[in-house]
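I have placed the structure first, in the form of structure tokens, so that the comments after it can refer back to it.
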């Protein structure tokens, strides 16, 4: 199972890629295997300022529906148009490419210190093994 070393991870199986003061958030490959085929993603928090671990959306899969938790505090800037039902409507891209085209949101990180509280790839690997 792929666990990129340049990302940070949560115990709830979200990942965070840092690009300046912007964060890109998605779900891990492990999460996609646990969920099964993802059929719908809802993010209705665009423009909102949320705190670390707040629910920013939901992911619906064949097996279950799960909340999505923000890894760090910030303002929700963008919902991936490829998975938005009003645009690309292709949530399966999360299963196909969870760390690339399957990203879910972009955020403006408001508390960079919280990044240090996240798991690195080694700690995340231990968590899921």
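The values are calculated or read from the model by the stated rules, or taken from the named source; none is laboratory data. The model shown is predicted, which means the values in this text are computed figures rather than measured ones. Cβ atoms come from the backbone with ideal geometry, glycine included; neighbour counts cover every protein chain shown.
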Given the conditions (1) surrounded by 15 or more Cβ atoms within 10 Å (Cβ to Cβ); (2) closer than 16 Å to residue 121 by Cβ, report the number of the one that residue 34 does not fulfil. (2)
Residue selected from segment 8-31 under the condition in contact (Cβ under 8 Å) with a residue 60 or more places away in the chain and more than 11 Å from the chain's Cα centre (by Cα), by the criterion farthest from residue 63 (Cα to Cα): 21
Of all residues in segment 62-72 being part of a loop (DSSP other than H, G, I, E, B) and surrounded by 20 or more Cβ atoms within 10 Å (Cβ to Cβ), the one that is farthest from the chain's Cα centre (by Cα): 72
Of the residues in segment 94-123 that are in contact with a helix residue (DSSP H, G or I) (Cβ under 8 Å, 6 or more places away or on another chain) and in a helix (DSSP H, G or I), the one that is farthest from residue 43 (Cα to Cα) is 95
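I'd like the full set of residues that are in contact (Cβ under 8 Å) with a residue 40 or more places away in the chain and in a loop (DSSP other than H, G, I, E, B), limited to segment 73-83.
Within segment 73-83, 73, 83 meet the criteria.
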Restricting to segment 44-61, name every residue that is surrounded by fewer than 19 Cβ atoms within 10 Å (Cβ to Cβ) and assigned to a loop (DSSP other than H, G, I, E, B). 44, 46, 47, 48, 51, 52, 53, 54
Test for residue 71: is it under 15 Å from residue 107 (Cα atoms) and out of contact with any strand residue (DSSP E or B) (no Cβ under 9 Å at 6 or more places or on another chain): no
Check 57, 26, 36 and return the single one that is within 24 Å of residue 119 (Cβ to Cβ), modelled with pLDDT of 95 or more and touching a helix residue (DSSP H, G or I) at 6+ places or on another chain (Cβ under 9 Å). 26
